[in-house]
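S.K.: Input: one structure, supplied below.
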Amino acid sequence: MNDQLHPSTDRIEAAYALARERYALLGVDTDRALQRLAATPISLHCWQGDDVAGFEASGGELGGGLAVTGNYPGKARNADELRQDLDQAYRLIPGRHRLNLHAIYAETGGQRVERNELRPEHFAAWVDWAKANGHGLDFNPTCFSHPLAASGFTLASYDPAVRRFWIEHCIASRQIGESFGRALGTPCVTNVWIPDGFKDTPVDRRRPRELLAQSLDELFAQKIDPACNLDAVESKLFGIGSEAYVAGSHEFYLGYAITRQVLLTLDSGHFHPTETIADKISAVMAYIPELLLHVSRGVRWDSDHVVLLNDELQGIMQELVRGDYLGRTHIGLDYFDASINRVAAWAIGTRNALRALLLALLEPIDHLRTLEQAGDYTARLALLEALKSMPFGAVWDYHCLQQGVPVGMAMLDEIRAYEARVLTGRG
Ligand code: RNT
Ligand code: ZN
């Protein structure tokens, strides 16, 4: 570690003072932007820490058309290791953030518990940990990596026994979500994603969707206090093994979410490769109560790469801020990369989501809107382009300093030290 490579506290503060002045000239209050940033939680996806493996005694192959590539050493082998890695990741990320759990991360003390029999007590250690560390919890039924999902169908299966099992699992999951919300005083978003679809062209596209709607109505029938649990449904265009048809497509779930007034989940990797979700936000928000985002990055397909600070991510965050949707949006991440240090993957991706959000919060949006309404597109373009070279980095560094997390590349020093101290010993 070479301290000379990293800026000193007084240099970071001096740079911030200058940046603040520059933004103030545009009418942007950087202190207020940082307050809003600090108040926005991101839900970290637990599954980046162990390549979506989970802790089931019978833990089999990753299914549902999901694929994790890479074998970087140090993957978490149990819940204690996963929490230890998460603690390290949170120490690198400014602000207080949530954790998004999947049902396969239950702790059943070595006992085999079927997924339709999972209960809140199987997540007691997660709740204790969340409470002790100020994390809200979110949840997902795991409708893949299971013999009853091996046909490629779950809630939309033609087999009533298969549907029944997954309906029961989703009901159990909502109750677990409710228990999280009650224990932690912040609603749990329970997100239903299923892999159901056909590899090759089906002749009946209608029936699986009818079955899916029926299953969903059944599993959502029990009303749960929205202060404890919020239900979300996640669409997908295609998966590995469901290239020709996915029952839970975007149109299907958009209609479902609107008519049932549940949350819609937009995963940025679940659309055509050139289709981005930023423009969808203001359209769907006209009709749905709240939104769940799975911020991801597809490369050629839904490959779930670590999110970068790129135009796509900025477009999403700009929409949330410009449209004033932050209060109705739950921001979650969804990627899994096993080819790099997994703690770094969490930290880099989450910091990028926050950096994109900060960039959006630093826009003089009222002024931009006035220009647009006046038809002054010349000034709108000039200002938007000028914003790109404003000293945003100084504001971000100051935020990290204030929040007690490493600034810039100092983050990597901590990751390397953790790797040497903890991860390499895992064999
Ligand atoms: C799959 C969906 C889903 C999963 C997680 C593990 O394509 O994106 O959200 O990635 O539930
Ligand atoms: Zn997703």
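S.K.: Taking region 304-324, which residues are more than 16 Å from ligand 1 (Cβ to nearest atom) and open to solvent by less than 10 Å² (accessible area, probe 1.4 Å)?
M.R.: Result: Leu313, Met317, Leu320.
S.K.: Is it true that some residue in region 325-344 is of a type in the set (A, V, I, L, M, F, W, C), out of contact with any strand residue (DSSP E or B) (no Cβ under 6 Å at 6 or more places or on another chain), open to solvent by less than 30 Å² (accessible area, probe 1.4 Å) and in a helix (DSSP H, G or I)?
M.R.: Yes.
S.K.: Do any helices (runs of 4 or more DSSP H) entirely within region 66-184 hold 3 or more residues that are of a type outside the set (Gly, Ala, Ser), within 16 Å of ligand 1 (Cβ to nearest atom) and over 24 Å from Ser303 (Cα atoms), and if so, which?
M.R.: Hits in region 66-184: 160-184.
S.K.: Here's something else I'd like to know. Looking at region 192-223 only, could you name the residues that are within 16 Å of ligand 1 (Cβ to nearest atom) and either under 14 Å from Val162 (Cβ atoms) or out of contact with any helix residue (DSSP H, G or I) (no Cβ under 9 Å at 6 or more places or on another chain) (or both)?
M.R.: Trp193, Ile194, Pro195, Asp196, Lys199, Leu212
S.K.: Right, another one. Would you mind telling me which numbered condition in (1) open to solvent by less than 20 Å² (accessible area, probe 1.4 Å); (2) more than 22 Å from His270 (Cα to Cα) Leu371 fails?
M.R.: The number of the failed condition is (1).
S.K.: Test each condition in (1) surrounded by 12 or more Cβ atoms within 10 Å (Cβ to Cβ); (2) over 29 Å from the mean Cα position of the chain (by Cα); (3) in a loop (DSSP other than H, G, I, E, B) for Met390 and report the one that comes out false.
M.R.: Every listed condition holds for Met390 apart from (2).
S.K.: Oh, and also: With within 25 Å of Val299 (Cβ to Cβ), away from ligand 2 (no atom under 15 Å from the Cβ) and either in contact with a Lys or Arg (Cβ under 9 Å, 6 or more places away or on another chain) or modelled with pLDDT of 95 or more (or both) as the only criterion, which of Glu234, Glu243 stands out?
M.R.: None of the other options fit; the residue is Glu243.
S.K.: If a residue has to be open to solvent by 10 Å² or more (accessible area, probe 1.4 Å), more than 11 Å from ligand 1 (Cβ to nearest atom) and touching a residue at least 60 places away in the same chain (Cβ under 8 Å) to count, how many in region 38-55 make the cut?
M.R.: 3
S.K.: In this structure, does Ile277 turn out to be buried (at least 19 other Cβ atoms within 10 Å of the Cβ) and within 13 Å of ligand 1 (Cβ to nearest atom)?
M.R.: Criteria met by Ile277.
S.K.: So Gln35 fits all but one of (1) open to solvent by 10 Å² or more (accessible area, probe 1.4 Å); (2) of a type in the set (S, T, N, Q); (3) touching a residue at least 60 places away in the same chain (Cβ under 8 Å); (4) assigned to a helix (DSSP H, G or I); what number is the exception?
M.R.: Evaluating Gln35 over (1) open to solvent by 10 Å² or more (accessible area, probe 1.4 Å); (2) of a type in the set (S, T, N, Q); (3) touching a residue at least 60 places away in the same chain (Cβ under 8 Å); (4) assigned to a helix (DSSP H, G or I) leaves (3) as the failure.
S.K.: Run down Gly269, Gly255, Gly248, Gly315 and say which single residue is at pLDDT 95 or above, away from ligand 2 (no atom under 16 Å from the Cβ) and either over 29 Å from Arg207 (Cβ atoms) or in a loop (DSSP other than H, G, I, E, B) (or both).
M.R.: None of the other options fit; the residue is Gly315.
S.K.: Continuing with this model, one more query. If a residue must be within 12 Å of ligand 1 (Cβ to nearest atom) and either touching a Gly at 6+ places or on another chain (Cβ under 6 Å) or hydroxyl-bearing (Ser, Thr, Tyr) (or both), how many such residues does region 224-240 contain?
M.R.: Qualifying residue count for the region: 3.
S.K.: Now a separate question. Among Asp413, Asp337, Asp366, which is the only one that is closer than 30 Å to Glu21 by Cβ and either in contact with a His (Cβ under 9 Å, 6 or more places away or on another chain) or in contact (Cβ under 8 Å) with a residue 40 or more places away in the chain (or both)?
M.R.: Asp366
S.K.: Filter region 249-269 down to the residues that are more than 10 Å from ligand 1 (Cβ to nearest atom) and of a type in the set (Gly, Ala, Ser) and list them by number.
M.R.: Ser249, Gly255, Ala257
The values are calculated or read from the model by the stated rules, or taken from the named source; none is laboratory data. Note that this is a predicted model, so its numbers are computed, not measured. No Cβ is skipped: glycine too gets one built from the backbone with ideal geometry, and neighbour counts run over all protein chains shown. Accessible surface is based on the protein model in full, side chains and every heavy atom, while ligands, DNA and RNA are left aside. Shrake-Rupley method; radii C 1.70, N 1.55, O 1.52, S 1.80 Å.
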